[in-house]
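Novice: What follows is a single structure, and I will ask about it in a moment.
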Amino acid sequence: MLHSTLIPTSLAALTLGLVATFATQEKKPAPGTPPAGAPPAHAAKAGEMPQGVRAWLIQLETGPKFDPSTPVTSLPGFEEHAKRMHAMADEGTCLLGGPIFESADSEKITGGIVILKGKDEKEIREKLGSDPFFNSGVMKVASIHPMMIGVGAWMPKEKAAPAGGH
């Protein structure tokens, strides 16, 4: 009788031990699975990576013809520049752009920033090079960096799968 109760008890202890061992082991994600906490991937579209929008960060600085005593809207080429940037925003090429100020308490412009979508740096330089605000020497390109926009309030939200798998 003692023998018949020891075997089931021993098997139960062994089973619980194995469950505890597997439950505490580090689980490795399947190949291609994004890391925990990563944003959900979506199907890549032209000009996008699975994790976000491929873009170019352009840092601008004032050029030799920038006159800080003149309102920026009165500087040579500003009107055409503004029209071009708004047109690029409407077509989805210009994601963000605007001046950078000397400080939080200042209206003195020291440069600017633009984020544009484009296939390569050459295309970005061509777009900016034909802008009269840049090619007249009022503003100039300080640097261009490739980037990926992974998050932003303006970006489309992922669509949730319908309940019940339909």
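Each value in this text was obtained by applying a stated rule to the coordinates, not by laboratory testing. Treat the numbers as computed from the prediction; the structure is a model and nothing was measured. Positions of Cβ are generated from backbone atoms using ideal geometry, with glycine treated the same way; all protein chains shown enter the neighbour counts.
Novice: Going by the conditions given, is Thr93 more than 17 Å from Phe134 (Cα to Cα), surrounded by 12 or more Cβ atoms within 10 Å (Cβ to Cβ) and not aliphatic (A, V, I, L, M)?
Specialist: yes
Novice: Give me the pairs, please: first residue somewhere in region 79-93 and of a type in the set (D, E, K, R), second residue anywhere and not in a helix (DSSP H, G or I), beta-carbon distance under 8 Å, and either six or more positions apart or on two chains.
Specialist: Pairs that qualify, where the first residue is of a type in the set (D, E, K, R) and the partner is not in a helix (DSSP H, G or I), are Glu80/Asp131; Arg84/Asp131.
Novice: If I go through region 118-157 residue by residue, how many of them are among the small types (Gly, Ala, Ser), surrounded by 12 or more Cβ atoms within 10 Å (Cβ to Cβ), within 20 Å of Ala82 (Cα to Cα) and out of contact with any Leu (no Cβ under 8 Å at 6 or more places or on another chain)?
Specialist: Qualifying residue count, region 118-157: 3.
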